[in-house]
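**Student:** Just passing along the structure, written as structure tokens.
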Amino acid sequence: MFQLDGKVALVTGASGGLGAEIARGLCWAGAHVILQGRNLGRLTALGETLTTLGGSAAVAAVDLRADDAASTLLAHHGAVDILVNNAGQRDRRAMQMIDRASVRDLLETNLVAPFDLARRFSAGMQPGGRIINISSIAGQIARSGDAAYTMSKGGLEALTRALAAELGPAQITVNAVAPGYFATEANAAMIADPAIAEHLQRRTSLGRWGRPEEIVGAVLFFASPAASYVTGQVLAVDGGYLAHF
């Protein structure tokens, strides 16, 4: 039920972190994976690794903030069965320190691009197509000094429900995965902070950082036939962070 043989998947933000792990997982499940990102060198290295080990992958060095990003991806790679909107950016600054231009730039990546990719790629999806948005626990809870990112992820989860309603008649499912604290390269400074480790020990059920490969199971579930009757849902992969108060 979890095999994806013959499927084509597009993973955005695949040059590192959770995106690279998601791409690996989909590839090992049998899908041909299109690796989108802005770092051509890292994308190429990942693509070569996957193909050397027997997988199937292609590289798409496209900036999702460009108006023609979706059309460029379609023109070069064609229709897909699975779209994983993983690319994102963060701006950890107090509300008074962020200007309108910075907010617009963040929203272009975190919310506008997923909308546009879903709009364009869903038109060519066959029944059984899958759209999976990578949100965050910040889509459901908030903290000071992270307003722009939090509103973008809250919007992405609302978009997930709206697309599920709109695309359901075409038998396309739309779901979201909400990661908690993962030990990725981008979080290196936080990983080195003993105070963060103490916070996670106290605040999560499992008492630790998530390992990047631990995101794969949730995405693979939503992408697979096993989730054929699941749509409009947000699944937290957070070690129990949201379960505590």
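The values are calculated or read from the model by the stated rules, or taken from the named source; none is laboratory data. Everything quoted here is computed from the prediction, not taken from an experiment. Note that each Cβ is placed from the backbone with ideal geometry, even for glycine, and that neighbours are counted across all protein chains shown.
**Student:** Looking for something in contact (Cβ under 8 Å) with a residue 40 or more places away in the chain, among the hydrophobic types (A, V, I, L, M, F, W, C), part of a loop (DSSP other than H, G, I, E, B) and out of contact with any Asp or Glu (no Cβ under 7 Å at 6 or more places or on another chain) - is there at least one such residue anywhere in segment 199-209?
**Tutor:** No, because not a single residue in segment 199-209 is in contact (Cβ under 8 Å) with a residue 40 or more places away in the chain, among the hydrophobic types (A, V, I, L, M, F, W, C), part of a loop (DSSP other than H, G, I, E, B) and out of contact with any Asp or Glu (no Cβ under 7 Å at 6 or more places or on another chain).
**Student:** Would you say Ala20 is small (Gly, Ala, Ser), in contact with a Phe, Trp or Tyr (Cβ under 7 Å, 6 or more places away or on another chain) and at pLDDT 95 or above?
**Tutor:** For Ala20, the condition - small (Gly, Ala, Ser), in contact with a Phe, Trp or Tyr (Cβ under 7 Å, 6 or more places away or on another chain) and at pLDDT 95 or above - is not met.
**Student:** In segment 24-39, how many are under 15 Å from Met1 (Cα atoms) and among the aliphatic types (A, V, I, L, M)?
**Tutor:** 3
**Student:** Does Val230 satisfy the condition of being at pLDDT 95 or above, under 19 Å from Ile22 (Cα atoms) and in contact with a strand residue (DSSP E or B) (Cβ under 8 Å, 6 or more places away or on another chain)?
**Tutor:** When the stated conditions are applied, Val230 does not pass them.
**Student:** Quick test of your reading of the structure: Gly88 fulfils all but one of (1) out of contact with any Asp or Glu (no Cβ under 9 Å at 6 or more places or on another chain); (2) surrounded by fewer than 19 Cβ atoms within 10 Å (Cβ to Cβ); (3) at pLDDT below 95; (4) not in a helix (DSSP H, G or I). Name the failing condition by number.
**Tutor:** The failed condition is (2).
**Student:** Kindly indicate whether any position in segment 45-61 is outside any loop (DSSP other than H, G, I, E, B), in contact (Cβ under 8 Å) with a residue 60 or more places away in the chain and either within 20 Å of Ala223 (Cα to Cα) or not basic (Lys, Arg) (or both).
**Tutor:** no
**Student:** Go through segment 151-196 and report how many residues are in a helix (DSSP H, G or I), at pLDDT below 95 and under 23 Å from Val216 (Cα atoms).
**Tutor:** Residues meeting the conditions: 6.
**Student:** Might you check whether a residue that is β-branched (Val, Ile, Thr), part of a strand (DSSP E or B) and in contact with a Lys or Arg (Cβ under 6 Å, 6 or more places away or on another chain) occurs anywhere in segment 23-41?
**Tutor:** no
**Student:** Also, I was wondering about something else. Of all residues in segment 6-22, how many are more than 15 Å from Pro212 (Cβ to Cβ) and either part of a helix (DSSP H, G or I) or basic (Lys, Arg) (or both)?
**Tutor:** 1
**Student:** Across segment 164-176, which residue is surrounded by the most Cβ atoms within 10 Å (Cβ to Cβ) among those that are under 16 Å from Phe115 (Cα atoms) and of a type in the set (A, V, I, L, M)?
**Tutor:** Across segment 164-176, the extreme among qualifying residues is Ala176.
**Student:** Turning to a different aspect of this structure: Could you list all residues from segment 122-149 that are at pLDDT 95 or above, of a type in the set (Gly, Ala, Ser), over 13 Å from Ala178 (Cα atoms) and in a loop (DSSP other than H, G, I, E, B)?
**Tutor:** Selection gives Ala123, Gly124, Gly128, Gly129.
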